[in-house]
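A short write-up of the structure that comes next.
The values are calculated or read from the model by the stated rules, or taken from the named source; none is laboratory data. These figures come from a predicted structure and were not determined experimentally. Counting neighbours? That spans all protein chains shown, and the Cβs are built from the backbone with ideal geometry, glycine included. Note: areas computed on protein heavy atoms with side chains; ligands, DNA, RNA excluded. Shrake-Rupley method; radii C 1.70, N 1.55, O 1.52, S 1.80 Å.
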Amino acid sequence: MRVLKFFSPHCGPCRVMEQNLKEANIEYESINVEEDAGDVLADKYDVKGLPTIIVLNDDGAMIKQHTGILTVENLKNFI
């Protein structure tokens, strides 16, 4: 399983989500949508808002997606 967090450095909710992921002790990869590679991945996974969390299976297929802030407890349940 792989967790992707799509964010923008200028997004306040994105910073909150990052802290919540750390507190929940969830390993994740940060994808900055303002960079070229991040923009391509955001298009690939149809990211419409920030922050967005995407959970992928071992083959790279999307299992689930959530846009917006999740609490630490809700993150643990979501992942």
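In the stretch 9-26, the qualifying residues are those that are touching a Lys or Arg at 6+ places or on another chain (Cβ under 9 Å) and assigned to a helix (DSSP H, G or I), and the one that is most open to solvent (accessible area, probe 1.4 Å) is E18. Just one of (1) more than 10 Å from the chain's Cα centre (by Cα); (2) modelled with pLDDT of 95 or more fails for D36. It is (2). Determine, yes or no, whether G38 is surrounded by fewer than 14 Cβ atoms within 10 Å (Cβ to Cβ) and either assigned to a loop (DSSP other than H, G, I, E, B) or free of Cβ contacts under 8 Å to residues at least 60 places away in the same chain (or both). The answer is no for G38. Applying a threshold of 8 Å to beta carbon distances and a minimum spacing of six or more residues, or different chains, the list of pairs starting in the stretch 63-75 at a residue that is among the aliphatic types (A, V, I, L, M) and ending at one that is open to solvent by 80 Å² or more (accessible area, probe 1.4 Å) and in a helix (DSSP H, G or I) reads V72/E23. For the stretch 42-79, a residue qualifies if it is open to solvent by less than 50 Å² (accessible area, probe 1.4 Å), outside any loop (DSSP other than H, G, I, E, B) and not small (G, A, S), and the qualifying residues are T52, I53, I54, V55, L56, V72, L75, F78.
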